[in-house]
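The numbers here are math on the coordinates, done by the rules we state, and not lab data. The structure displayed is predicted, hence computed values, not measured ones. Using ideal geometry, Cβ is built from the backbone for each residue, glycine included, and neighbour counts are taken over all protein chains shown.
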Amino acid sequence: MTALTDDEVIEYLARNGSITGIQTDDRGRPYYDDPEANALQIKFPETPLRATYFARLASMLGAEDESMFYGALLWITLSDIGSPQLEKTGWSMVDMMRRGFGENRPLEAAPGHLFRNGAVVELAAFLIPCFVFAWDAYIFPIRGDLFIHISHNENWAVMTKNTATYETVMNDLKNVDPQSGRQRLLQRFCPQSRHLKETPDE
């Protein structure tokens, strides 16, 4: 794992945008600028054991098995939304894992985490606190026409670049009851999507 600052994350996304199709707005937020782009939404896990399962699901999206995991970028954008007394536990967990990779900067100084191929278990370990403590985070698989947003509103969403990927992800996540993305989600992450006209308001 290599830690990145916010600026380094945005630079990474810009450098790979011609391949991934992911754009960033003036606040650094990612989106797809494609008429086929779509989104689906999933509720948060209800138990700690389910959190580990969801972390594994999110880590493996875009890869058929562990040997097909080519790496991903995890960007934790909000980790102080709740009670400081509880959040300190999450920060401590992540800081200890980061130190295991030789990273001594605090999470807020370098909130990006670049995982190379084969590191799917490590990515899942870093995702568990995101689900447990309801932190905002993005996952950008190095391969695959999708990215993921975990929200402090206790849901997570998968944005897909094209229809084929959307259908594959819907099937891969059928055990966690994915729902089609609503207007607000599409407006934020897929502003040119033709599905905006087809999706009812929330």
For Ala137: the one exception among (1) on the phi > 0 side of the Ramachandran plot; (2) among the small types (Gly, Ala, Ser); (3) touching a Ser or Thr at 6+ places or on another chain (Cβ under 7 Å): (1)
query: In the range 152-202, which residues are within 15 Å of the chain's Cα centre (by Cα), in a helix (DSSP H, G or I) and surrounded by fewer than 20 Cβ atoms within 10 Å (Cβ to Cβ)?
result: Arg188
message: Between Ile148, Ile139, which is within 21 Å of Glu103 (Cβ to Cβ), outside any loop (DSSP other than H, G, I, E, B), in contact with a Phe, Trp or Tyr (Cβ under 7 Å, 6 or more places away or on another chain) and of a type outside the set (D, E, K, R)?
response: Ile139
Tally, over the range 71-103, of residues that are surrounded by fewer than 17 Cβ atoms within 10 Å (Cβ to Cβ), within 18 Å of the chain's Cα centre (by Cα) and closer than 20 Å to Glu8 by Cβ: 1
